[in-house]
Every structure is written in C-alpha cells, then in structure tokens.
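Below is one structure, written out as structure tokens; the observations come after it.
Rule-based calculations on the coordinates, nothing more; no lab input. Being a predicted model, the structure only gives us computed values, none of them experimental. Here the Cβ is made from the backbone with ideal geometry for all residues, glycine too, and neighbour counts use every protein chain on show.
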C-alpha cells in the first residue's frame, strides 16, 4: 500500500506491506519502526536532504504526525454501521488537519473525543493537511488521513 507520511521536517512517500489495514499496522505496539520500500523524501525545511527512489527505509512511528493511504482500503463489516459525522480540527506542533471524524451513532457525543484518541493513530476523512512554521507549502487534500494522537497539541470537534 502506498502512503504519504508527514514527519516533523519532511514528507515521505513509500510503500508499506500490510496484511490488514494501514490503521492496524500503525496501531500495533511493536515494532516502533515502520518499514517502507521505494521511498522518496521531500524536504519541508532547509537543510533536509531530498531523497529519491531509495529501495528501503524505516520510520519511527513516534515521529509520524500524519499518514495518508494513497489507495482506498476495503471496508470491513464492522464499519458498516450508522455513523454521525463531526467536523474536526487537529493541531500539532508542526501540522494541522481539518476534516470529518465519524462515530457510531450509538456512542454518546460526550465520548467522541475518547473514541478518537483510544488508538494511537485515528482517522480523519476529507482531510486538509497543512504545515505550521517557517514553511510555505500549500495544504494538501486526502480522502483519509491517520493522525498520531501523541503529537496532537489541540483537538477541536464541532
């Protein structure tokens, strides 16, 4: 599965091998390093090396702010339930993500935040991903983005 990864000072594109879904691979407690193949790196800050077509690499999940699958993933039967949609804004030290968070309709709205952050990486649909800091890079759009809750500074639901 091809993915884009937003790290602190670079955007990494590569392929990860997953047996299930990307979310499951990201939320597995071990290993901390995520292996990628056919990797290219776009620097977001001066001094970061541009890397093209490296056969293999590893990224530490702790420093991956946002992970975007580049192809749609299959829908599992447990995801086919009535859902409530809420707008979400996530702020990290170096990024922002705006979009839609979905919750099962049976979950009390007071529990939505807890539902999101129970997993290390949580999904945001129709995401607009932007950078914060001395970088002039336009925001990019993704139908699905997984945000690392450990790098979240603020989370706003409306």
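Each of residue 82 and residue 114 was given a label point 7 Å from its Cα along the Cα-to-Cβ line. The distance between the two points is 2.2 nm. Ratio of Rg to Rh for the stretch 2-69: 0.95 [Cα atoms; Kirkwood radius as inverse mean 1/r over pairs]. For the chain, the equivalent ellipsoid derived from the Cα gyration tensor has semi-axes of 26, 19, 13 Å, listed largest first.
Arranged from fewest to most other beta-carbon atoms within 10 Å of their beta carbon, 49, 112 become 49, 112. Fewest neighbouring Cβ atoms within 10 Å first, the residues 88, 16 line up as 16, 88.
Per-residue ellipticity at 222 nm, computed for the chain from helices alone with -39500 (n - 2.57) per DSSP H run of at least four residues, works out to -1500 deg cm²/dmol. All Cα-Cα distances of the stretch 77-157, cut into 5 Å bins from zero to the largest, leave 3, 15, 25, 26, 16, 8, 4, 2, 0 percent in each bin in turn. With a ≥ b ≥ c taken as the square roots of the eigenvalues of the C-alpha gyration tensor of the stretch 46-106, please select rounded if a/c is under 1.5 and otherwise prolate if a/b is larger than b/c or oblate if it is not? It is oblate, given that a/c is not under 1.5 and a/b is not larger than b/c.
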